[in-house]
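Notes follow once the structure below has been shown.
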Amino acid sequence: MWLALLILAVIACNTADDITLEAGETFTDTNVRVLKLDTFDLEFTTFKFDSVQMPLGDRILVGNYTDETFGKTSSQSFIEMIPESYDIDNEGVYDSIVLIMAYDNYYYNDTLNQMTFDVHEVTERIEPYNDETYFYNTSTLNYNENETLGSHSFMPRPMDGDSIRIKLDDEFGYNLFDQIQGNDITDLDEFRENFKGITVKSQDNTNGSVLGFSVDTEETMIRVYYRVPEDVSDIEQYFDLIISATSTPATYFNHIEADRSSTILASITNDQENLISSEDLDNAAYIQAGVGIAPRIRIPNLKSLYEIDGDGSVLNAVMKIYVNSENFSDQLFLNDSLYANTLDRHMDISEEITDYSGSSVFGTLLENSEFSEIYYSLPLTTYTDVILSSESDEDLYITLIPSEYESSVNRTILNDDETNNYTAVLELTYVIYNEED
Amino acid sequence: MTFTALAQTNNLTGSPYSLYGLGVFNEANLGKTNALGKSGVALGSDYMINNLNPASLASIHNKSFMFDIGFNTEFDSYENRYSDDSKVRFNFSNFAIAFPVSRKAAMSIVLTPFSNVGYELVGIESDIEGNQGTFTSYVSGSGGLNSIKVNYGYNLSDKLNVGAGLEYIFGNIEEKETVAVESNYLLTTRDTYYKNFRATAGLQYNPTESTGFGAVVKFPTLLNASQDLEVTKVVDLTEVAVDSEEDIDIDSFKLPFEFTVGFRQTFAKKFTFNIDYRKSLWGNTDQTDNIGTFKDQDFIGAGLEYLNNNKGYKYWQRMRYRIGFNYDNGYLDIRDESINNMGFTIGLGLPMSNKNNSFINLAYSYGQRGVVSSTLIQENYHFLSLNLSLENIWFVKSKYN
């Protein structure tokens, strides 16, 4: 109704002079046919990116969670932390050393279970291999596995807690303090010879959560406390080791991995070109951020539109991809949106899909409580035109990934078009403007 | 007024019925016929250029040069069961000259609109195929065809004039349709160009000064058509080109065989009655138009002119008073309903000079097109026309010099 009003308004504005009579369909017919089509085959497969590049300046992810579909997912962070200055009062006396990590409000899975974080000293320089700029989720470095610098058990409070404080080994702390105070370490090179960095990992819980921490220099740091004696009483002072989060090459990363060996996704391997059809995966396609699991969606028979007589054009196309209610929960929540990208034949991301106005195309999570439907609504009008105008039918693949795909561990299970209920569908509005070809 | 200006004048009509066929055919004519029920195939061309019958040119006075320029204004009001609307338009309606080419023959060149298109219709609801929904479309049309006609009339004998005309009909009609589905639109613009010649033949038989018969035939012709198609869509609030084709061959538009017979009679020395009957054999063209079906059209028009005294001293005596009536049953059935057209006309002929036959011809007509039924629209129109019908006497001036 509002559309009719809009049209009336537009006409009224543009040609106030002309006749605008509600003639109705009895006075003339439209020359146009409008068809709603929703019977297109959709091909859903799942694969895993062989690696996911770690972004700079994002978050520290530590923790693990287990679910029956995606197995056991864990994230361990490797972090170089460097002094802000190399100047300590000669009178200062070492007191203690603490790793402070501030929550950045991201978490995934149940935070009601106690977690234990262990901190180890890394034994090699924290820098990407082969002179690269970035780390990957698969990157790892040697660290002193047998000795912990510190360990901390706590109840996660990612939303209302401030930070966690992990007391580190005083021998390690004193050693660091002493060398800087005694001018054995006066610059970054000398510092790096003595101290490479730390890794923070969670002890194997049966089912914990993965927590996000800030890399802000004001919020996350190793803090060394010392006292400077004065006449009346000592003055407490400290110096910080901080993360240089945006410097290149990168100086920190999250190693994210999952053990799917006893789940339905066991067939998904690190071979990026190993595509598993939804038929073999319980009629679904899967997404897991951080780990790098992603869906590949194809509309194989879209060009059958050309078999309809006459010249036409797609006026609207929306893919509705449903999620079964048992496949998510408040803890294993769904992303509000999934961004659409194109994949090449090797399953590398080619480009972001944009619409005609240049905006990113993403699937929006919608809920129709009346029919207890939960689905991602993905507007594909522009992209269907791309498919229809392409020379070949191959190589036109869509993948859907949430924002923060590289620095979160969210998982999503998308129903395919063959499942029993809530099947994925492409709803297309096709307009034929010329009956004769 | 140049030829180009006429060709570019759009929306000469505001009739929703111009949606059909080539639009609303122009009925405004030259001289006084607008006031005489749009009839006059039996009338001569001695006081005006009679464009209804080429044979009439034979009655142009020798050494006359005639000139006619016309303007009209139309006030239309429309109503259907739900709403009404109205519209005023001003138009240039004709330009014509006529002159003798020999003692027995004369020619005219006449430029008139042939048909006019101007409509906007909103809220056309249609079903979406494949679900229960509907979509809304909005259609508009503009443009129209023009005619340039050369007529030749020849005086075979005292009582018999014959004539022939060749008319070139040309122009374009632009139709736009906007279809709205959800928040997206498809806009289709079709610009259709028509052109071809059409031949006319006529005769007038005048057994006495006061009695005359006329007959005209217009031969069928195919208006060759080609179309430019431009399709765009508005998706994501962005307009995108969909299709653009030029010079698409489409079906020609068939103009039917048409014949008119007419009669005039002067009585009581002051009254001249004339009547025309015309049949247009649209049914034979086998054309269809959207939801309309073409069918044969009957036209009847009649007029009465009163002239007190051509040489009277008083101006009112020399003025001409006219009244007329016309009716036709339309050439289209739309959903089995005819679009009848009925009009009443009155007019005045105001002489401009004692020395020649120059007149200001004023005519007013009130008419109705269509019906207020469950489906169609009734259009009421007030039509006012002004024709300057001028005569110059050639070669006369030099005599006085």
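Tabulated data for the structure shown
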read-out: Cross-link table B:Lys87/B:Lys176; B:Lys32/B:Lys279; B:Lys279/B:Lys355; B:Lys159/B:Lys218, entries beyond 32 Å C-alpha to C-alpha; value: B:Lys279/B:Lys355
read-out: Cut-off under 5 Å, modelled amide H: who pairs with A:Leu168 long-range; value: A:Ile97, A:Val98, A:Leu99
read-out: Chain A - charge dipole about Cα centre, Lys and Arg +1 at Cβ, Asp and Glu -1, debye rounded to 20; value: 760 debye
read-out: Under Karplus coefficients 6.51, -1.76 and 1.60, residue-wise ³J(HN,Hα) of segment A:267-274 in Hz, glycine/proline x; value: 6, 7, 10, 6, 6, 4, 8, 8
read-out: Positive-end residue, the protein assembly as shown charge dipole about Cα centroid, Cβ charges, pick of A:Leu302, B:Phe95, A:Ile79; value: B:Phe95
read-out: Shielding by partners, peptide A:307-320 (average Cβ within 10 angstrom, other chains); value: 3
read-out: Protection proxy ranking, peptides B:108-121, B:346-359, average beta carbon neighbours within 10 Å, highest first; value: B:108-121, B:346-359
read-out: For A:Met159, net neighbour charge (Lys/Arg +1, Asp/Glu -1) across residues whose Cβ lies under 13 Å away; value: -3
read-out: Magnitude of the charge dipole, segment A:241-367, Cβ model with Lys/Arg +1 and Asp/Glu -1, debye to 20; value: 180 debye
read-out: Dimensions (Å) - the protein assembly as shown, Cα atoms, principal axes, largest first; value: 139, 63, 45
read-out: Semi-axis lengths (Å, descending) of the ellipsoid that matches the C-alpha gyration tensor of chain B; value: 42, 22, 20
read-out: Under 26 Å from A:Lys72, Cα to Cα: lysines that are on another chain or at least 8 residues apart; value: A:Lys48, A:Lys201
read-out: Stretchable slack from A:Tyr306 to A:Glu435, in nm (0.36 nm times residue separation minus alpha-carbon distance); value: 45.2 nm
read-out: Anchor A:Lys303: lysines whose Cα lies under 20 Å away (excluding residues fewer than 8 positions away in-chain); value: A:Lys36, A:Lys320, B:Lys233
read-out: Karplus (6.51, -1.76, 1.60) ³J(HN,Hα), θ = phi - 60°, over segment A:36-48, in Hz, Gly and Pro reported as x; value: 9, 10, 9, 10, 6, 5, 10, 10, 10, 9, 10, 9, 10
read-out: Highest-MSF residue in chain A out of A:Leu42, A:Leu188, A:Leu334 [GNM, Cα springs under 10 Å]; value: A:Leu188
read-out: Helix A:170-181 axis, angle to chain A major axis (alpha carbon atoms, nearest 10°); value: 80 degrees
read-out: In Hz, Karplus ³J(HN,Hα) per residue of segment A:275-288 (6.51, -1.76, 1.60; θ = phi - 60°; x = Gly, Pro); value: 9, 10, 5, 4, 4, 8, 10, 6, 6, 8, 10, 10, 10, 9
read-out: Paramagnetic reach from B:Phe90 in segment B:126-160 [backbone N under 14 Å; point 7 Å along Cα→Cβ]; value: none
read-out: Square roots of five times the Cα gyration tensor eigenvalues for segment A:53-259, Å; value: 30, 20, 14
read-out: Rh by Kirkwood over Cα pairs, then Stokes-Einstein D for segment A:186-330 at 0.890 mPa s and 25 °C, µm²/s; value: 111 µm²/s
read-out: For A:Ile293, net neighbour charge (Lys/Arg +1, Asp/Glu -1) across residues whose Cβ lies under 12 Å away; value: +2
read-out: Segment A:325-365 residues near the modelled B:Leu237 label - backbone nitrogen below 12 Å, point 7 Å along Cα→Cβ; value: A:357-359
read-out: Within 10 Å of each Cβ in B:136-145, the average number of Cβ atoms from other chains; value: 4
read-out: In Å, descending, principal axis extents of the Cα set of segment A:172-231; value: 50, 34, 22
read-out: Kirkwood estimate for segment B:218-302, i.e. one over the average of 1/r between Cα atoms, Å; value: 17.1 Å
read-out: D_trans [Stokes-Einstein, Kirkwood Rh over alpha-carbon pairs] for segment A:295-437, 37 °C, 0.692 mPa s, µm² s⁻¹; value: 200 µm²/s
read-out: Structure-based [θ]222 nm, chain A - -39500 (n - 2.57) summed over DSSP H runs of at least 4, per residue, nearest 500; value: -3000 deg cm²/dmol
read-out: Charge dipole (debye, nearest 20) of the protein assembly as shown; +1 at Cβ of Lys and Arg, -1 at Cβ of Asp and Glu; value: 11660 debye
read-out: For B:Leu332, distant residues with modelled amide H under 5 Å away; value: B:Lys295, B:Ile339
read-out: Semi-axis lengths (Å, descending) of the ellipsoid that matches the C-alpha gyration tensor of chain A; value: 55, 24, 20
read-out: Amide H within-cut-off set for A:Ala284, under 5 Å, with H built and near neighbours excluded; value: A:Asp416
read-out: Shielding of A:376-383 by partner chains, average beta-carbon count, 10 Å; value: 1
read-out: Per-residue [θ]222 nm for chain B (sum of -39500 (n - 2.57) over DSSP H runs n ≥ 4, rounded to 500); value: -500 deg cm²/dmol
read-out: Order by protection proxy (mean Cβ within 10 Å, highest first), peptides A:50-56, A:376-382; value: A:376-382, A:50-56
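A short reminder: the numbers here are calculations on the coordinates, not readings from a lab. This one's a predicted model, so the numbers in the text were calculated from it and none came from an experiment. Virtual Cβ from ideal backbone geometry, glycine too; neighbours counted across all protein chains shown.
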